[in-house]
Amino acid sequence: MINTRKPYFLSASKYSATTLALLVALLTMSACSVHKIDVQQGNVITQEMFEKLKIGMDKERVKSLLGTPLIVDPFRRDRWDYVYIYRAGNSDARQSAHLTVYFENEQLNKIDVQSTLPKEADVKKPGSKLRGKSSDQGKSAGHSH
């Protein structure tokens, strides 16, 4: 005996045009990329902020200019490290900056720029369109004051 019935998956009564359109839409959406968030860590520190620092400033004045330091070593309380790291979620854009300040008798005594500090206009921030170059600006500079 010859079977003349259509296979189950080809049966027109099982699939409607709406169901087929929904299936195509779901498959199309599954090809979309996953959104990754921008990550910002630490204090934004810029060349302009660095230029306002002056040897002899007290700790409170330094803190008002740069914010709370990211790292304060409990064994060396006269050293504050300011670090800024930005990584864009959906691109390879990165930016970093590192500044270390040293105090003696509660007064700013030394400033070390551990990596290049961006200009204010070039700072990359989460949620905003990327400005400036997309390459890492965290190259070692070794400046000191």
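Observations on the model:
- Contact annotation: residue pairs with Cβ atoms under 9 Å, 6 or more positions apart or on different chains, pairing a residue in the stretch 38-61 that is within 14 Å of K119 (Cα to Cα) and of a type in the set (F, W, Y) with a partner that is at pLDDT 90 or above and not in a helix (DSSP H, G or I), are F50/L99; F50/I111; F50/V113.
- Count of the stretch 91-120 residues which are modelled with pLDDT under 85 and of a type in the set (G, A, S): 2
- Look at the stretch 102-123: where a residue is aliphatic (A, V, I, L, M) and a partner is in a helix (DSSP H, G or I), sitting 6+ places away or on another chain with Cβ atoms under 7 Å, you get L108/V62; V113/F50; L117/Q47; L117/F50.
- Residue check, S144 more than 17 Å from L53 (Cα to Cα), hydroxyl-bearing (S, T, Y) and either at pLDDT 90 or above or out of contact with any Phe, Trp or Tyr (no Cβ under 6 Å at 6 or more places or on another chain) (or both): no
- Output for the stretch 73-90, where each listed residue is modelled with pLDDT under 90, closer than 17 Å to T46 by Cβ and of a type outside the set (A, V, I, L, M): Y84, Y86
The values are calculated or read from the model by the stated rules, or taken from the named source; none is laboratory data. This is a predicted model, so every value here is computed, not measured. Positions of Cβ are generated from backbone atoms using ideal geometry, with glycine treated the same way; all protein chains shown enter the neighbour counts.
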